[in-house]
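What follows is a single structure, written as structure tokens, with notes after it.
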Amino acid sequence: RVNLERARWLLHEVPGRFVLVDIAGFKISYFDGQERRWSSRVQVGKPYRSTPVFRSAINRITLNPTWTVPPTILTEDVLPTLRNDLDYLRRNDIRVFDRDWNEIDPRSIDWHRPPPLRLRQNAGPSSALGRAAIRFPNHFAIYLHDTPHQKLFDRSQRAFSSGCIRVERVMELVEILLADTPPWNAEQIRRQLESGETRNVTLATPVPVFIAYWTVDASATGEIGFKPDIYQRDADLLARLDARR
């Protein structure tokens with residue numbers, strides 16, 4: 001009942017092709033003609049920075065992306081670190097800017113009482129977003145992206161991120177999504193990555209994406225499988241459904 005209710009939130013007017021992120025199952029799939037054509041593992045948000053449920057449409061891919069540190073991560077994670085270890089910026093290839101994107105010498109800042117700042121990590125294989133970010137409009141600042149933390153994909157429980165979705169073998173998905181956007185074939189993508197330059201590519205045709213939280217799976221033969229409720233959401237939703245009876 002709980003998961004059928006969640007399906008009603010998202011699965012209206014399902015398109016012919018789409019990307020589905022299964023948060024509780026830690027996986028992502030690409031469907032074309034109602035058949036799963038590609039799938040991989042993902043890392044999702046930690047319970048206290050959970051990945052939200054919504055639907056949108058992938059419209060842009062960034063190759064060699066930079067990463068602007070989000071406000072929550074800046075306040076809760078990065079600033080406390082910088083107060084004790086300013087070399088963190090150099091080690092992580094992060095530059096400091098004011099609100100108007102004028103670069104600032106980090107040594108000139110009182111990190112206990114900093115002014116409004118923007119911190120941006122340069123593009124590179126060790127950056128937080130890796131080689132590619134897959135973007136779609138939403139109010140949560142959520143997107144799919146590569147990650148240098150590849151070993152974490154081997155864990156059975158993969159709630160490690162701050163809300164965005166880290167995708168294993170992300171370049172395979174990038175190639176699929178750009179297949180209808182010439183001249184972006186595998187060779188063109190490879191050349192752009194090797195250049196090291198950041199490039200935003202708009203898809204010729206946006207691809208719908210569903211970010212779903214389902215703790216039950218049903219196979220084609222009707223077999224039911226249950227997954228851990230990593231965000232502890234089932235009981236509350238069930239209580240709400242019972243209250244409506």
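Here are the numbers for this structure:
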item	result
If the convex hull is drawn through the Cα atoms of segment 173-242, its volume per residue in Å³	196
5 angstrom amide H check on VAL209, placed H, neighbours 5+ away	VAL19, SER56, ALA57, ILE58
Evaluated at q = 0.16, 0.18, 0.19 Å⁻¹: base-10 log I(q)/I(0), Debye formula over Cα of segment 13-79	-0.78, -0.94, -1.01
Ellipticity estimate at 222 nm from DSSP helix runs (n ≥ 4, -39,500 (n - 2.57)) divided over the chain, nearest 500	-5000 deg cm²/dmol
The chain - charge dipole about Cα centre, Lys and Arg +1 at Cβ, Asp and Glu -1, debye rounded to 20	360
Unit charges on C-beta of K, R, D, E only; dipole of segment 1-51, Debye	260
Set of aspartates and glutamates with alpha-carbon distance to LYS27 below 13 Å, sequence-local pairs under 8 removed	ASP154, GLU168, ASP217
Computed over segment 76-149, Kirkwood Rh from alpha-carbon pairs, angstrom	13.9
Gyration tensor (Cα) of segment 106-188, equivalent ellipsoid semi-axes in angstrom	29, 18, 14
Of PHE210, THR75, LEU237, farthest towards positive along the dipole that unit charges on Lys, Arg, Asp, Glu beta carbons give the chain	LEU237
Cα-based Rg and Dmax for segment 36-182, where Dmax is the largest Cα-Cα distance (Å)	16.5, 53
When segment 126-245 is reduced to its Cα atoms, the Kirkwood hydrodynamic radius in Å	17.4
10 Å binning of all Cα-Cα separations within the chain, expressed as whole percents from 0 upward	7, 28, 32, 21, 10, 2, 0
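Only the coordinates and a few stated rules stand behind these numbers; no lab work does. Since the model is a prediction, treat every value here as computed from it, not as a measurement. Counting neighbours? That spans all protein chains shown, and the Cβs are built from the backbone with ideal geometry, glycine included.
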